[in-house]
Amino acid sequence: METLKPDAANYQSLLKHYIATQDEHSLYGAEQITKQFIKNNIPPEEIVNLHIQAMAALYPDLPEYFRHSMKFLLETMISYGIAHQEYHTLREQQSELKSEIAVAANMQDTLLATTKPAIDGLDIGVVSVPAHQMNGDYHHFVTGEDGSLGIAVADVIGKGIPAALCMSMIKYSMDSLPERTMRPQTILKNLNRVVERNVESSMFITMFYAQYLPADGKIRYSSAGHEPGFYYNARENRFEEIKAKGLVLGVDPDTDYRQYERVLHQGDMVILLTDGVTECRQGDRFIESEEVLDVIARFSHLQAQDMVDKVYKHFERLQNFRLRDDFTLIVLKKEV
């Protein structure tokens with residue numbers, strides 16, 4: 001109690017005066033002492049003990065039940081002080097963690113940044129919004145020397161900083177691949193080996209990789225267990241699921257991926273997405289794929305970028321502006 005001795009006499013005097021008069025001057029004095037307690041970081045149980053000592057000095061004949069009640073209060077404040085200190089420690093740690101995550105999120109934005117390319121005859125729209133600070137989704141555009149366009153959409157089964165690190169590794173690996181490996185099945189085969197060697201077995205990555213060939217109006221694609229996209233046939237005015245089978249990245253280093261292809265005609269669209277789109281929830285209800293396609297069809301007359309922005313806003317409102325999962329949607333619309 002050494003730190004409280006200089007204030008003990010003053011506290012006892014103010015307490016005695018207030019009990020006798022209940023005037024505002026004594027309360028003002030108490031406020032000043034409180035500031036000293038805070039400045040000196042005096043724990044609450046020591047303040048209570050100071051009060052007990054002052055009361056004992058002023059009223060030595062206090063009833064026994066009152067002394068017991070003050071002892072009970074002292075023990076309560078000791079427990080409170082410990083819990084309060086732990087709470088503030090946790091708050092400080094949480095603040096530091098939030099700051100570190102913010103820095104990591106900014107680094108992720110920089111590392112995973114990709115530019116939407118301009119391709120003659122192909123209108124491209126893309127929106128990718130993380131549910132939290134770190135994005136577990138990934139999309140990337142690669143322009144080949146032959147004028148082809150590579151489009152990657154990936155999702156880590158897992159969130160937060162580990163997912164962000166995985167995506168950074170995928171981005172670096174893709175940037176390191178030579179131009180001759182632009183074919184989707186080769187891209188996935190190479191990335192699968194990288195993931196299998198460098199990512200722990202409890203974490204998996206799904207990916208859909210497509211390659212658009214402007215000269216032929218053709219799109220090639222392969223999937224590594226990724227959410228199936230959709231193809232819109234403009235002539236028949238209907239959507240169909242893009243069926244492409246393939247094992248998720250990182251399970252078997254010797255996996256081969258099948259490659260598919262399709263010719264796009266004027267007005268046709270390819271819709272690529274992650275499960276944050278198809279698994280949106282309205283309350284406790286998961287929406288159906290048909291609802292997603294209905295919303296896309298509603299805005300299909302717009303330019304591709306306006307279309308994906310409108311679709312995202314629709315599902316953002318549907319979820320009361322609180323995304324449950326990362327939301328990534330890419331639309332490729334064949335023009336002429």
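Here is a check on your reading of the model: is F315 modelled with pLDDT of 90 or more, of a type in the set (A, V, I, L, M, F, W, C) and within 14 Å of V129 (Cα to Cα)? Considered against the rule, which asks whether it is modelled with pLDDT of 90 or more, of a type in the set (A, V, I, L, M, F, W, C) and within 14 Å of V129 (Cα to Cα), F315 comes out as yes. Of all residues in the range 283-310, exactly one satisfies the criterion of being surrounded by 15 or more Cβ atoms within 10 Å (Cβ to Cβ), part of a loop (DSSP other than H, G, I, E, B) and within 22 Å of the chain's Cα centre (by Cα), namely I287. Look at F315 and say whether it is farther than 25 Å from L188 by Cβ, crowded, with 18+ Cβ neighbours inside 10 Å and either within 27 Å of the chain's Cα centre (by Cα) or not assigned by TED's automatic domain parsing to the domain that holds D120 (or both). The answer is yes for F315. Within the range 248-266, the residues that satisfy the criterion of being over 26 Å from the mean Cα position of the chain (by Cα) and either surrounded by 15 or more Cβ atoms within 10 Å (Cβ to Cβ) or part of a strand (DSSP E or B) (or both) are T255, Y257, Q259, Y260, E261, R262, V263, L264.
For the range 195-247, the set of residues classified as buried (at least 18 other Cβ atoms within 10 Å of the Cβ), hydrophobic (A, V, I, L, M, F, W, C) and in a loop (DSSP other than H, G, I, E, B) consists of V199, I242, A244, listed by residue number.
With the condition kept exactly as written, say whether any residue in the range 63-71 is within 17 Å of Y11 (Cβ to Cβ), assigned by TED's automatic domain parsing to the domain that holds D7 and part of a helix (DSSP H, G or I). The answer is yes, given that some residue of the range 63-71 is within 17 Å of Y11 (Cβ to Cβ), assigned by TED's automatic domain parsing to the domain that holds D7 and part of a helix (DSSP H, G or I). Considering every residue within the range 322-330, establish whether at least one is farther than 15 Å from V126 by Cα, among the hydrophobic types (A, V, I, L, M, F, W, C), assigned by TED's automatic domain parsing to the domain that holds G136 and at pLDDT 90 or above. Among the residues of the range 322-330, not one is farther than 15 Å from V126 by Cα, among the hydrophobic types (A, V, I, L, M, F, W, C), assigned by TED's automatic domain parsing to the domain that holds G136 and at pLDDT 90 or above, which makes the answer no. If you go through the range 42-80 and keep only what is more than 17 Å from I19 (Cβ to Cβ), touching a residue at least 24 places away in the same chain (Cβ under 8 Å) and of a type outside the set (A, V, I, L, M), you end up with P43, P44, E45, E46, N49, Y80. With respect to (1) surrounded by fewer than 20 Cβ atoms within 10 Å (Cβ to Cβ); (2) in a strand (DSSP E or B); (3) in contact with a helix residue (DSSP H, G or I) (Cβ under 7 Å, 6 or more places away or on another chain), the lone exception for D155 is condition (1). Looking for something in a helix (DSSP H, G or I) and closer than 30 Å to R197 by Cβ - is there at least one such residue anywhere in the range 322-331? Among the residues of the range 322-331, not one is in a helix (DSSP H, G or I) and closer than 30 Å to R197 by Cβ, which makes the answer no.
Report, by residue number, each residue of the range 270-282 that is in contact (Cβ under 8 Å) with a residue 40 or more places away in the chain, out of contact with any Lys or Arg (no Cβ under 9 Å at 6 or more places or on another chain) and part of a strand (DSSP E or B). I271, L272, L273 - these are the residues of the range 270-282 that are in contact (Cβ under 8 Å) with a residue 40 or more places away in the chain, out of contact with any Lys or Arg (no Cβ under 9 Å at 6 or more places or on another chain) and part of a strand (DSSP E or B). Counting the residues of the range 18-54 that are among the β-branched types (V, I, T) and over 24 Å from Q85 (Cα atoms) gives 2. All told, A224 meets the bar of being touching a Leu at 6+ places or on another chain (Cβ under 6 Å) and modelled with pLDDT of 95 or more. For the range 120-139, residues that are surrounded by fewer than 19 Cβ atoms within 10 Å (Cβ to Cβ), in a strand (DSSP E or B) and under 23 Å from the mean Cα position of the chain (by Cα) total 1.
The values are calculated or read from the model by the stated rules, or taken from the named source; none is laboratory data. In this text, all values refer to a predicted model and were calculated from it rather than measured experimentally. Cβ atoms come from the backbone with ideal geometry, glycine included; neighbour counts cover every protein chain shown.
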